[in-house]
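Inspection log for the structure reproduced underneath, given as structure tokens.
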Amino acid sequence: MKSAVETLNPTRVRLTVEVPFEELKDSLDAAYKKINQQVTVKGFRKGKVPARVIDQRFGRGAVLEEAVNDALPRFYTDAVNEAELSPLGQPEVDITDLKDGETLNFTAEVDVRPALEIPDYSGIEVEVDAVEVTDEDVAESVEQLRERFASTTPVERAAEDGDVVTLDLRAKVDGEVLEDGVADGVSYTIGSGELLDGIDEAVTGLQAGGEATFTSELKGGSAAGKEAEVTVTVSQVAKRELPELDDEFAQLASEFDTLEELRADSRDRLTERKRYDQATQAQERVLEKLLELVEVPVPEKLLDDEINTRKHNLEHHQLGQMGLTLDKYLEIQGKSAEEFDDETRQAAVKGIKTQFVLDELVKQEKLNVNQEELTEHLMRRASSSGMSPDQFAQAVVEQGQVPLLVGEVARGKALASVVEKATVKDTNGETVDLDDDEDSAEAEVVEAAEAEEKTES
């Protein structure tokens, strides 16, 4: 077999392959054997029909077609390996010449990873938010904890803002009660904004047994986005009572004996969270600077596939679970379809460029992923997916996604190495020591994982 490579553009090549006919022998034998198992010829046992009879009865062309279809993937792979290419997606193959007993010639056009030059990135400088935890931050955190330990006491009076009311709801559209528009015994805190628009005004002032009707746009269900006439009946009004902020509360809500110890712990936790957010922010901004330094051509087909994947996941998974259409989502977000398309395209371009650049760094720096790193990453991904580690690991293996996870970890290490060499200062002008935090670096490159399946040959 002989092959040659023609570069069509920085992300696409054409392979021209010439195969001597004798190299088709194994595929021809396999073709005759396959056809033998499928046909019946009078006078011959099944599977024992001679090749010359198959040629006469069914045509040599059918055999050649079967043999070529069997052989093409192998010859294409050999040509790719010989040229040391990194294909993206499936090739477009065209058989240019097939002469029985002489030769098989074909071409294959395929997108490939672009050759990248990574310049010196040690001079990257970024600014991030300073880690500052105020007394107000601590007070808010403790107040949120206090809210979780609030108690309710039924009262015989009209409902007020902040009360917890028990409600029965009936929603009508075009005069008909919806099958999924009936709910009884719903607990709702007035003013929380967790149910329908207009419900706070409707129930405020009602006592147990009181009823009101209001109009609201449904947020989910079979009639999501439609105006509905909602009848609400209050069966109970209860007053929320917050525990006193004292040492007794600290003992109730935590492992600490005093309120001051609880506040100190809240400050420590907020500081730790802000440091993690600071590290993530640093990595985001270092990555943006790195991408600005590298010229990265993006294959159009790969980009189109990534855009379509992102739109599909949003419409059919995220929005579908919330009972929203794309149009309704855009209305809520205050975006036009054109703005949404532009943002999706930009995000897809960034995801693909991120993968290309970090993969090149992995290769240049000869970064490897050990079993411990892979296991830790798998545990984090399992946690974010809501699956147990064992379930997630089984799904990863069954779907052949182990290389994808390895790639995520490797790219996280590559980004961490770039951040380590960058100068990171906070808004106070202080140099930030990120302690080589690879965890958030891995999180930063997980988004590019969806493109991974399309970037494997």
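Some points to look at:
- Selection count where residues are touching a Lys or Arg at 6+ places or on another chain (Cβ under 8 Å) and over 10 Å from Leu145 (Cβ atoms), scope the range 253-270: 0
- Scan of the range 246-294 for residues that are under 30 Å from Thr152 (Cβ atoms) and either among the hydroxyl-bearing types (Ser, Thr, Tyr) or in the same structural domain as Ser417 (by TED's automatic domain parsing) (or both), ordered by number: Ser254, Thr258, Ser266
- The criterion of being farther than 18 Å from Glu109 by Cβ, within 42 Å of the chain's Cα centre (by Cα) and of a type outside the set (Val, Ile, Thr) does not hold for Ser3.
- Here Glu339, Glu376, Glu343 are screened, and the one residue that is charged (D, E, K, R), modelled with pLDDT of 95 or more, part of a helix (DSSP H, G or I) and farther than 30 Å from Asp120 by Cα is Glu339.
- Any chance Ile54 is over 23 Å from Leu361 (Cα atoms), assigned to a helix (DSSP H, G or I) and of a type in the set (A, V, I, L, M, F, W, C): yes
- Pair list, Cβ under 7 Å, 6 or more apart: the range 27-40 residue free of Cβ contacts under 8 Å to residues at least 24 places away in the same chain, other residue hydroxyl-bearing (Ser, Thr, Tyr) and buried (at least 17 other Cβ atoms within 10 Å of the Cβ): none
- The C-beta contact set for the range 135-148 (first residue of a type in the set (Lys, Arg), second residue part of a helix (DSSP H, G or I), distance under 9 angstrom, 6+ apart or interchain) comprises Arg146/Phe249; Arg146/Ala253; Arg148/Ala253.
- If you go through the range 92-151 and keep only what is touching a Phe, Trp or Tyr at 6+ places or on another chain (Cβ under 7 Å), within 30 Å of Gly61 (Cα to Cα) and of a type outside the set (A, V, I, L, M), you end up with Asp94, Thr96, Gly101, Glu102, Thr103.
This table checks each residue for (1) in contact with a Leu (Cβ under 9 Å, 6 or more places away or on another chain); (2) surrounded by 19 or more Cβ atoms within 10 Å (Cβ to Cβ); (3) among the aromatic types (Phe, Trp, Tyr); (4) in the same structural domain as Val186 (by TED's automatic domain parsing).
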| residue | (1), (2), (3), (4) |
| --- | --- |
| Gly61 | no, no, no, no |
| Leu72 | yes, yes, no, no |
| Ala79 | yes, yes, no, no |
| Leu98 | yes, no, no, no |
| Asn105 | yes, no, no, no |
| Tyr121 | yes, no, yes, no |
| Glu136 | no, no, no, no |
| Gln144 | no, no, no, no |
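- Lone unmet requirement of (1) exposed (fewer than 15 other Cβ atoms within 10 Å of the Cβ); (2) more than 35 Å from the chain's Cα centre (by Cα); (3) under 28 Å from Val298 (Cβ atoms) for Thr16: (1)
- The range 93-133, subset closer than 18 Å to Leu64 by Cα and among the β-branched types (Val, Ile, Thr), residue nearest to the chain's Cα centre (by Cα): Val93
- Helices (runs of 4 or more DSSP H) lying entirely in the range 220-333 (those with 2 or more residues that are in contact (Cβ under 8 Å) with a residue 12 or more places away in the chain): 247-253, 259-293, 300-313, 326-333
- The one condition in (1) under 47 Å from the mean Cα position of the chain (by Cα); (2) in a loop (DSSP other than H, G, I, E, B) that Val41 fails to fulfil: (1)
The values are calculated or read from the model by the stated rules, or taken from the named source; none is laboratory data. Please read all numbers here as calculations on a predicted model, not as lab measurements. Every residue, glycine as well, gets a Cβ built from its backbone with ideal geometry; the counts of neighbours run over all protein chains shown.
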